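The block underneath contains the structure these notes are about, expressed in structure tokens.
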Amino acid sequence: MLPARIVTAPLPASRPDLPADALSDVAAQDPPADLPLERTLSFRLLMLHKLSERDSGGEFLQALGLTPSDARALATLGAFEPLSVMALAEACSLNKGQASRAAQALVAQGLADKRDSDADGRGVVLTLTPAGRALHARTLALVNARSRRLFGCLSPAEQQLLGDLLDRLIAHNRPAAPRPAREPAQGMRVASSSGSK
């Protein structure tokens, strides 16, 4: 399960920069008919992702000496540490094998430390080293520069609206957290996910 800090906020109910009915008019319309592949939102999101990733691999390798997977793992670990390998995989959209290899590469380069997990005797927890934190700052600067290039054609208000809509889509499509097999006994408190990392 993702750390609580990754969970995105719901779309604000009130947007002062938009007419009150800007989104409700669209929602009230009939669902669109089937579209050609290139006009579907999922296809266009994939294309935007591919355009974004196309240049980032060489950029990360040249500027940081990291592969794209290692750079993604470093950026994610720096934002949400400490993380298990499974939480790292989920948080940065890598499969378990990719996340494990990225974690091993970061440890081998002296950018991350791993220690046995207190919560799971079989697992490990990853944190950044001082060298990893310094490289994380450079990685984040590259990510932000790439984001500005990618979304620079949008006004600040359009970027905010797009961000809000993406947050809403992510929240809508994220699997629900599994419920406990039984409810805790009265007086017992379940630890919140924000307290566990």
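The values are calculated or read from the model by the stated rules, or taken from the named source; none is laboratory data. Worth saying up front: this structure is predicted, and the values here are computed from it rather than measured. Using ideal geometry, Cβ is built from the backbone for each residue, glycine included, and neighbour counts are taken over all protein chains shown. Side chains included, ligands, DNA and RNA excluded: accessible areas come from the protein's heavy atoms. Shrake-Rupley method; radii C 1.70, N 1.55, O 1.52, S 1.80 Å.
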* **Residues satisfying the stated conditions in region 101-135, i.e. in a helix (DSSP H, G or I) and open to solvent by less than 30 Å² (accessible area, probe 1.4 Å)** => Ala102, Ala103, Ala105, Leu106, Gly132, Leu135
* Scope region 110-130; condition without any contact (Cβ under 8 Å) to a residue 24 or more places away in the chain and of a type in the set (S, T, N, Q); matching residues -> Thr129
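Has region 152-159 got any residue that is under 18 Å from the mean Cα position of the chain (by Cα) and modelled with pLDDT of 90 or more?
Filtering region 152-159 for residues under 18 Å from the mean Cα position of the chain (by Cα) gives 159.
Going one step further and asking which of them are modelled with pLDDT of 90 or more, we end up with 159.
Yes.
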* Asked: Of the numbered conditions (1) more than 17 Å from Ser56 (Cβ to Cβ); (2) touching a strand residue (DSSP E or B) at 6+ places or on another chain (Cβ under 7 Å), Glu158 satisfies every one except a single condition; which is it?
  -> (2)
* **Residue that is least open to solvent (accessible area, probe 1.4 Å) [pool: residues in region 151-178 that are assigned to a helix (DSSP H, G or I) and among the charged types (D, E, K, R)]** => Asp164
